[in-house]
Amino acid sequence: MKITDAKVFVGGPGKNYVTLKIYTDAGVYGLGDATLNNRETLPAKYLEDYLIPVLVGRDPRNSEDIWQFFYRGAYFRRGPIAMAAFGAIDTALWDIKAKLAGMPLYQLFGGKSRSGAMVYAHATGADLDTLVESIAAHVEQGYKAVRVQCGIPGMPVSSYGVADKREDSKHYITDFGGIQPKIEIWDTERYLRYMPDALTAVREHFGPDLKLLHDVHHRLLPREAAQFAKTVEPIGLYWLEDPTPAEDQSALRYLRQHSTVPVAIGEVFNSVWDCKQLIEEELIDFIRVAVTYAGGITQVKRIVDLAGLHHVRTGFHGAPSHSPISMAAQAHLNVWAPNFGIQEYLVLGTPECDALFPSDHTLENGMFLVSDEPGLGVDFDEKQAQRYQYAAGSHPVVRLQDGTLWNY
Ligand code: CS2
Ligand code: MG
């Protein structure tokens, strides 16, 4: 069996999705996602210039050897660009394998450990009242878990994960604007003073059962993170996400000494090596890697198994930072993983997105129900794809009040 061709499509409704389609001489094709949010053209180029010319002619069933060939053959290993490109190939080859077997992908991992995967939605508000409204709307839709991000009074620009204007709150998705990054101002002291009270007010309003998650988004220093985690401990958060810049793995030791708040890290990681110390030292409770960013399904499965040895559960990063294809791949991992935790889920379901990525996966009452179609259970409409082009965009850049560059 041979790979006969592979194509990369960049673009999508309001997003520069990077979709890889691998064609074989068996008439079966596979889909992968290489959407490196905010730098999308780079994995696309890596695939087109260096990987696809070498991929064509190989047996698509040898996904491990193909991945190792590209990873070790690159010499300069890892990094988000290469691993998104490798990840797309790996995911597409798993899609082909499952289609050849006539099974949904989760059957090849070991079958179902649960009927569906609990997801969490993003609730956000430029002020506390708007946040409470946003949470209530998600609870109304059946979500059992919500991420809560609140604007901070007196902050020059709202805060991470919050729309500047109240009226934009309901549909705000943390994403990016034009190629010139928007400058956001961050004030740690205001955040440390205000956020615990806001989260307490949310907990008091919604009671003990609603799972509340909060994303600090890399903004605190280790001591500040320990102080914040200690202060919010009584609120009973489901998790505190990215309290400190994720690459400094030992920073979490300090937080762990001062608080039992559950910690979730990993969306910026692109290999098992990035998370090894955090997992082996049990400095986190949830690993947040994404199939697209961490080298594909095979690599993420290895991370899930390592995490399982250390009481760490999965909490995979969610679209729209990557595409419905990676969401589908994660849906199969979620339903199989013995140490599944929760899945991030921002409603992608615009009609345009559904038309571009037709899928059999469903969301019911805050549970993601995986497709039983052979393969990933998601398709890609090449005709629809012609409607979209790449549009350069960039994340905001964050500065402190005095101009110091900070962490987005
Ligand atoms: C965020 C991400 O969803 C989250 O937890 O941290 O959406 C992040 O802001 C984007 O992936 C950045 O591209
Ligand atoms: Mg996050």
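Each value in this text was obtained by applying a stated rule to the coordinates, not by laboratory testing. Note that the structure is predicted; figures quoted are calculated from it, not measured. Cβ: placed from backbone, ideal geometry, glycine included. Neighbour counts: every protein chain shown.
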*Please identify every one of the chymotrypsin sites (Phe, Trp or Tyr not before Pro) in region 305-385 that sits in a loop by DSSP and has no more than 14 other beta carbons within 10 Å of its own beta carbon.*
none
*Sorted from largest down, give the three principal axis spans of the alpha carbons of region 3-107, whole angstrom values.*
36, 36, 25
*Cross-link pairs LYS7/LYS97; LYS7/LYS276; LYS97/LYS301; LYS99/LYS301; LYS15/LYS383; LYS144/LYS182 - those with Cα-Cα distance over 23 Å*: LYS7/LYS276; LYS144/LYS182
_Residues listed by number, region 345-378, amide nitrogen under 19 Å from MET103 label point at 7 Å toward C-beta_ = 370-378
*asked:* Quick check on the chain: helices-only [θ] at 222 nm, where DSSP H runs of length 4 and up contribute -39,500 (n - 2.57) each and the sum goes over total residues. Nearest 500, please.
replied: -10500 deg cm²/dmol
_Student exercise, the chain dipole from Lys, Arg, Asp, Glu Cβ charges, in Debye to nearest 20_ = 680
_0 to 90° range, to nearest 10: angle between helix 297-309 axis and the chain longest Cα axis_ = 50
*What net charge is computed for the residues neighbouring GLY341, neighbours being all others with C-beta under 11 Å from the C-beta of GLY341, Lys and Arg scored +1, Asp and Glu -1?*
+1
*Taking only Cα atoms, what is the 0 to 90° angle, nearest 10, from helix 324-336's long axis to the longest principal axis of the chain?*
80
*asked:* What is the angle, in °, between the Cα long axis of helix 128-140 and the longest principal axis of the Cα atoms in the chain? Nearest 10 is fine, range 0 to 90.
replied: 40
*13 Å Cα-Cα reach of LYS211 towards aspartates and glutamates, excluding residues that sit fewer than 8 places from it in its own chain*: GLU344
*Find out how many positive minus negative residues lie around TYR17, taking Lys and Arg as positive, Asp and Glu as negative, among other residues whose Cβ is under 10 Å from that of TYR17.*
-1
_Suppose we keep just the DSSP beta bridges with both residues in the chain; what percent of those would be antiparallel, to 5?_
45
*asked:* Can you compute the radius of gyration and Dmax for the chain, using only the Cα atoms, both in Å?
replied: 20.6, 63
*Could you bin all the Cα-Cα distances of region 88-136 into 10 Å bins starting at 0 and give me the percent of pairs in each, rounded to whole numbers?*
21, 26, 19, 18, 15, 1
*region 221-267: trypsin sites (Lys or Arg not before Pro) in DSSP loop, at most 16 other beta carbons within 10 Å*: none
_With the cut-off at 1.5 for a/c, could you classify region 41-152 from its C-alpha gyration tensor as rounded, prolate or oblate?_
oblate
